Amino acid sequence: MPKPPFSPPADAARLFLELYYPIHYKAGIGVEDALRGGELGRHQVAILWLIHSEGEGRRAMNRKAIERSLRQWFEVSGAAITKAIRGMSASPLELVRLEEDPRSGREKIVRLTPRGEAHIEAMIARGTAYVQRIIDHMSGAEIVNGLEFFRSIERIVDGFED
């Protein structure tokens, strides 16, 4: 006998919402804390992640583009972003350096230093270890379905920006 088509519950959006906050605030903040490694603030980790995931060659990003993205994620001022970047460029961190944008003398490029590149690799290793602790309790099918679910959410939400 053929299996009937799957029908989501009528209150699926509410059920998703009820799961979202515990996931975001327990698992999401746990991942973020692992990425921070006790050294950086949330905005600084977000800046490094943006450069790594969206920057030119995964090493540099226009400061204004960083600000636009961070304002979508946080309620943050331009001054707070500048302070976060300056903190990462100063000793003892020296993870990034500010360069003049060759296309505009008023714009700045935030570029990872070799130390910054190494820091991101260590940051990713800590985040991966945290997520591994979660998926160690999942079946192979749950992992595959979870990855597909997150990819679908990313695709749909990215479509909202258009």
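A compact table of results
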item	result
Lone unmet requirement of (1) assigned to a helix (DSSP H, G or I); (2) touching a helix residue (DSSP H, G or I) at 6+ places or on another chain (Cβ under 8 Å) for Glu154	(2)
So Arg14, is it closer than 16 Å to Leu112 by Cβ and surrounded by fewer than 15 Cβ atoms within 10 Å (Cβ to Cβ)	no
Residue that is nearest to Arg63 (Cα to Cα), among those in the stretch 84-97 that are surrounded by fewer than 15 Cβ atoms within 10 Å (Cβ to Cβ) and not polar (S, T, N, Q)	Arg86
Close pairs (9 angstrom Cβ cut-off, 6 or more residues apart or separate chains): over 11 Å from Arg36 (Cα atoms) in the stretch 110-130, of a type in the set (D, E, K, R) and assigned to a helix (DSSP H, G or I) anywhere	Val110/Arg63; Tyr130/Asp33
Among (1) in contact with a helix residue (DSSP H, G or I) (Cβ under 8 Å, 6 or more places away or on another chain); (2) under 26 Å from Ile153 (Cα atoms); (3) free of Cβ contacts under 8 Å to residues at least 24 places away in the same chain; (4) not polar (S, T, N, Q) - the single one Trp73 does not satisfy	(3)
Of all residues in the stretch 36-82 being under 16 Å from the mean Cα position of the chain (by Cα), among the polar types (S, T, N, Q) and surrounded by fewer than 13 Cβ atoms within 10 Å (Cβ to Cβ), the one that is modelled with the highest pLDDT	Ser53
Test set (1) part of a helix (DSSP H, G or I); (2) touching a Pro at 6+ places or on another chain (Cβ under 9 Å); (3) of a type in the set (Val, Ile, Thr) - Ile134 fails condition number	(2)
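So that you can scan it fast, the table gives a plain yes or no per residue for (1) aromatic (Phe, Trp, Tyr); (2) at pLDDT below 95:
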| position | (1), (2) |
| --- | --- |
| Glu100 | no, yes |
| Gly105 | no, yes |
| His119 | no, no |
| Ala125 | no, no |
| Ala129 | no, no |
| Ile134 | no, no |
| Gly140 | no, no |
| Phe160 | yes, yes |
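The values are calculated or read from the model by the stated rules, or taken from the named source; none is laboratory data. Note that the structure is a prediction, hence the values are computed from the model and not measured. Here the Cβ is made from the backbone with ideal geometry for all residues, glycine too, and neighbour counts use every protein chain on show.
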